[in-house]
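The structure appears below as structure tokens.
The numbers here are math on the coordinates, done by the rules we state, and not lab data. This is a predicted model, so every value here is computed, not measured. Don't worry about glycine lacking a Cβ; one is built from the backbone with ideal geometry, like all the others, and counts go over all protein chains shown.
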Amino acid sequence: PETISGFFLDKSYSEAGGRNVVNVLLVDFRAFDTLGEITVLGVVALTVFALLRRFRPAAESLSAPEQQAVQKAFDVRHEARTSDETVVDYLMIPRVIMQWLFPVIVVFAIYLFLRGHDLPGGGFIAGITMS
């Protein structure tokens, strides 16, 4: 039987200018539908965040983890160290790695975003790369 798929295959390049039919469908032909789906997902995420935040224990009822208390006590005992210096030293390697990789990840996400209209990729995969 005749379906609407032939229309999208014929018009994806001539009307929308994209060779990737799936991305053209999502971005050009069904843009408002995709925007609506993204909006619904955002509202659900905010609702779940608000519900989880509401039922969290009060800050005064939580004590610091034992490891953090030990590290602070170590910093207090040594006059040459400032408060929380042990924690900063402990996280130095992940911090340096992220400082080196973050610009590369941003450039790669921009590349995926810009090439997504004609090739596989686009906003969704660029967002996943950035996150």
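Some observations on this one:
- Net length gained if the chain between E2 and L91 were fully extended (0.36 nm per residue, minus Cα distance): 25.9 nm
- Net dipole in debye of region 1-61 [+1 Lys, Arg Cβ; -1 Asp, Glu Cβ; about Cα centre; nearest 20]: 380
- Simple spin-label estimate for A73 and T39 gives 5.6 nm between the two label positions (7 Å along the Cα-to-Cβ direction from each Cα).
- Karplus-derived HN-Hα couplings along region 92-100 (A = 6.51, B = -1.76, C = 1.60, θ = phi - 60°), whole Hz, x at Gly and Pro: 5, 5, x, 5, 5, 4, 5, 5, 6
- Under Stokes-Einstein, with the Kirkwood radius over Cα pairs as Rh, the value for region 1-85 at 25 °C and 0.890 mPa s is 131 µm²/s.
- Note on L46 and S63: the extension gain reaches 3.4 nm, defined as 0.36 nm multiplied by sequence separation minus the Cα-Cα distance.
- Vicinal HN-Hα couplings computed from phi for region 19-25 (Karplus, 6.51 cos²θ - 1.76 cosθ + 1.60; Hz; Gly/Pro x): 8, 8, 5, 5, 5, 5, 4
- Loop-resident sites, region 48-98, for GluC sites (Glu not before Pro), counting at most 12 other Cβ within 10 Å (DSSP): E79
- Three-way shape label, region 22-131, alpha-carbon gyration tensor, a/c 1.5: oblate
- What the Cβ-Cβ distance of R30 and F108 gives, at R0 = 25 Å and to the nearest 0.05, is a FRET efficiency of 0.40.
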